[in-house]
1. Does residue 57 satisfy being near the ligand (Cβ under 9 Å from one of its atoms) and touching a residue at least 12 places away in the same chain (Cβ under 8 Å)?
2. If a residue has to be aliphatic (A, V, I, L, M) and more than 17 Å from the chain's Cα centre (by Cα) to count, how many in the stretch 93-129 make the cut?
3. Considering only residues of the stretch 1-15 that are charged (D, E, K, R) and touching a residue at least 60 places away in the same chain (Cβ under 8 Å), which is nearest to the ligand (Cβ to nearest atom)?
4. In the stretch 222-246, how many are in contact with a helix residue (DSSP H, G or I) (Cβ under 7 Å, 6 or more places away or on another chain) and surrounded by fewer than 15 Cβ atoms within 10 Å (Cβ to Cβ)?
5. Which residue is surrounded by the most Cβ atoms within 10 Å (Cβ to Cβ), if the candidates are limited to the stretch 165-184 and must be over 28 Å from residue 103 (Cα atoms) and in contact (Cβ under 8 Å) with a residue 60 or more places away in the chain?
6. Regarding residue 90, is this residue within 29 Å of residue 259 (Cβ to Cβ) and of a type in the set (Gly, Ala, Ser)?
7. Any residue that is within 22 Å of residue 205 (Cα to Cα), charged (D, E, K, R) and away from the ligand (no atom under 12 Å from the Cβ) - is there at least one of those in the stretch 42-50?
Amino acid sequence: MKMLVTGPRGFVGARIISQMRAAGVEAIPAPSLRDFSEEEIRRLICETEPDVVVHTAAISDIGTCEQNPEASYRANVEIPLWIARRGVKSLLFSTDQVYSGCRGEGPYREEETAPANTYARHKLEMEQRVLEANPDSVLLRATWMYDMPMYGVANRGNFLVNMLRQPAQSFSGTQHRAVTYVQQVAELIRPAASLPGGIYNYGSENDLTMLQTAQWLKQELKLPVTLSDAGERHHLWMDCSKLKSFGICFDTTLEGLKRCIRDYSL
Ligand SMILES: NC(=O)c1ccc[n+]([C@@H]2O[C@H](COP(=O)([O-])OP(=O)(O)OC[C@H]3O[C@@H](n4cnc5c(N)ncnc54)[C@H](OP(=O)(O)O)[C@@H]3O)[C@@H](O)[C@H]2O)c1
């Protein structure tokens, strides 16, 4: 299988490239698409002739999207749409933030969406327009992901690194939300390439609140971090039964954290 990966120097893309190559997949890192036109994307896909495009490039920071909605729209709606229009099987990353304004308590299934910020609104529009352009596209709604830093990849805060390095952390004692080990996100990309077109919750499930999850990790690793309750936050937890019905199963959040602890001998 020949796989073109966009955002190959990003948090998720770098892990996908590394895992696919280890598994013998020909994984081609795309150049930066920031200044690409639709025509340049067409040419890139024509020249590389991938069987699958895995699109991770995005503006993934909620605050940046709020401050610069035009840049967010280009990165998070237009560029993915230009990729989908090429008609190649494509896996495109979306976000659990599409549930950020849902009235129900959750866990949320794919059809129950209510985005409450610009990033989430653009991702939801992207999903809809991508599917209209190419119904064979696979939209993967990811949770907040974590890992230890990777050599050669810019490090940014994530749940695990923050817990290990920061003296104090604040999490909601009421918010149900999962965090997912990004190495498993990368590992399951190969089976995900065989999914029929559609939208999938793609990550760990978690019955605990964010504060309970952090308390578990603190106790498990005997971390000196001081934890406090950040108060009410909207739930973001996902029901991943649709993905499981195709045989793609993530660890729960605690199982994923245990696996990560073993992988890095933490
Ligand atoms: N990280 C998470 O916890 C998380 C959670 C839920 C969903 N997601 C989604 O998962 C995907 C991957 O996330 P990530 O954390 O790997 O993202 P990331 O590291 O923040 O960014 C990935 C890549 O996007 C490219 N990029 C940045 N700004 C761009 C722009 N204006 N136009 C086009 N490309 C741009 C950059 O590549 P170049 O420097 O090569 O341009 C960057 O390396 C994204 O779709 C994100 O929305 C992530």
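Read the figures in this text as sums done on the coordinates, not as results from a lab. A quick note: this is a predicted structure, and the numbers were derived from the prediction, not measured. No Cβ is skipped: glycine too gets one built from the backbone with ideal geometry, and neighbour counts run over all protein chains shown.
1. Values: near the ligand (Cβ under 9 Å from one of its atoms): yes; touching a residue at least 12 places away in the same chain (Cβ under 8 Å): yes.
For residue 57, the condition - near the ligand (Cβ under 9 Å from one of its atoms) and touching a residue at least 12 places away in the same chain (Cβ under 8 Å) - is met.
2. Step one: filter the stretch 93-129 for residues aliphatic (A, V, I, L, M), giving 98, 114, 116, 120, 124, 126.
Subset that is more than 17 Å from the chain's Cα centre (by Cα): 114, 116.
The total comes to 2.
3. Taking the stretch 1-15 as the starting set, the residues that turn out to be charged (D, E, K, R) are 2, 9, 15.
Next, only the ones that are touching a residue at least 60 places away in the same chain (Cβ under 8 Å) stay: 9, 15.
Details: 9: 5, 15: 8 Å.
The qualifying residue nearest to the ligand (Cβ to nearest atom) is 9.
4. Taking the stretch 222-246 and keeping what is in contact with a helix residue (DSSP H, G or I) (Cβ under 7 Å, 6 or more places away or on another chain), we get 223, 225, 227, 229, 236, 238.
Subsequent filtering for residues that are surrounded by fewer than 15 Cβ atoms within 10 Å (Cβ to Cβ) retains 229.
Residues flagged as in contact with a helix residue (DSSP H, G or I) (Cβ under 7 Å, 6 or more places away or on another chain) and surrounded by fewer than 15 Cβ atoms within 10 Å (Cβ to Cβ) within the stretch 222-246 amount to 1.
5. First pass over the stretch 165-184, keeping only residues over 28 Å from residue 103 (Cα atoms): 165-168, 182-184.
Okay, now just the ones that are also in contact (Cβ under 8 Å) with a residue 60 or more places away in the chain, so 168, 182-184.
Details: 168: 9, 182: 25, 183: 20, 184: 21.
It comes out as 182.
6. Values: within 29 Å of residue 259 (Cβ to Cβ): yes; of a type in the set (Gly, Ala, Ser): yes.
When the stated conditions are applied, residue 90 passes them.
7. Within the stretch 42-50, the subset within 22 Å of residue 205 (Cα to Cα) is none.
There is no residue in the stretch 42-50 that is within 22 Å of residue 205 (Cα to Cα), charged (D, E, K, R) and away from the ligand (no atom under 12 Å from the Cβ).
Condition check ((1) within 23 Å of residue 123 (Cβ to Cβ); (2) under 16 Å from the mean Cα position of the chain (by Cα)) across all residues:
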{"site": "196", "(1), (2)": "yes, no"}
{"site": "200", "(1), (2)": "yes, yes"}
{"site": "215", "(1), (2)": "no, no"}
{"site": "219", "(1), (2)": "no, no"}
{"site": "239", "(1), (2)": "yes, yes"}
{"site": "248", "(1), (2)": "yes, yes"}
{"site": "259", "(1), (2)": "no, no"}
